[in-house]
Amino acid sequence: WACFNVLFILMDYLETWVGSIRGFYSLCLCGTVWLFLPMFQGARSVFRNILVPLSGQYENMLLHDAYLVRREVEKKIPENSHGSVFRKFAQVFEKGKIE
């Protein structure tokens, strides 16, 4: 929703100067469609590439992504091999240990 709010504020601000230009509202509509259609992933890219870095939350976003990956791995591998798989994951993320 943050992406749509940014689009609305930008549209509201620009409407004062360029609202009379033909096609302005068509461009706003295209921007809205680009944001909400999953095939374009517009809201995702605006959120991850613009809003998160502006708010200084990039590290938290990466930690959340790592948590989601862990949950997916836990679902897909047998429970008795969780320990060994997660130790291998930890080795991948250790600094200076690249194989």
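The values are calculated or read from the model by the stated rules, or taken from the named source; none is laboratory data. What you see is a predicted model, and the numbers here were worked out from it, not measured in a lab. Cβ coordinates were reconstructed from backbone atoms using ideal geometry, including for glycine residues, and neighbour counts include every protein chain displayed. Surface areas here come from the heavy atoms of the whole protein model, side chains and all, with no ligands, DNA or RNA. Shrake-Rupley method; radii C 1.70, N 1.55, O 1.52, S 1.80 Å.
Take the Cβ-Cβ distance between Ser55 and Leu14 as r, set R0 to 22 Å, and report the resulting FRET efficiency rounded to the nearest 0.05. Taking R0 as 22 Å, the efficiency between Ser55 and Leu14 is 0.45.
Legend: residues Phe40, Phe86, sorted from most to least accessible area (1.4 Å probe; ligands, DNA and RNA excluded), read Phe40, Phe86.
A 1.4 Å probe run over the protein chains yields, for the chain, 86 Å² of accessible area per residue, whole-number rounding. Counting only protein heavy atoms and using a 1.4 Å probe, what share of the accessible area of the chain belongs to carbon plus sulfur, as a whole percent? With neighbouring chains kept in place, the figure for the chain is 64 percent. Between the Cα long axis of helix 82-93 and the first principal axis of the chain there is an angle of about 60°, rounded to the nearest 10.
Mind running the shape call on the chain? Use the C-alpha gyration tensor, a ≥ b ≥ c as the square roots of the eigenvalues: rounded below 1.5 for a/c, prolate if a/b tops b/c, oblate otherwise. Because a/c hits 1.5 or more and a/b exceeds b/c, the chain counts as prolate. Simple rule: put +1 on each Lys or Arg Cβ and -1 on each Asp or Glu Cβ in the chain, find the dipole, and look at Cys3, Leu27, Gly42; the Cα lying farthest toward the positive end is Gly42.
Kindly identify segment 46-98 as rounded, prolate or oblate by the Cα gyration tensor criterion: order the square roots of the eigenvalues as a ≥ b ≥ c, call it rounded if a/c is under 1.5, otherwise compare a/b with b/c, prolate if a/b is larger, else oblate. Cα axes put segment 46-98 in the oblate bin. Rounded to the nearest 10 degrees, the angle from helix 2-18 to the longest Cα principal axis of the chain is 20 degrees. Could you work out how far helix 58-76 tilts from the main Cα principal axis of the chain, as a 0 to 90 degree angle to the nearest 10? Roughly 50 degrees between the two axes.
The mean sequence separation of alpha-carbon pairs under 8 Å and at least six residues apart, normalised by the residue count of the chain, gives a relative contact order of 19 percent.
Note on Phe40/Ser84: beta-carbon distance plugged into 1/(1 + (r/R0)^6) with R0 of 35 Å gives a FRET efficiency of 0.30. In this Cβ point-charge picture (+1 for Lys and Arg, -1 for Asp and Glu), the chain has a dipole of about 320 debye about its Cα centre.
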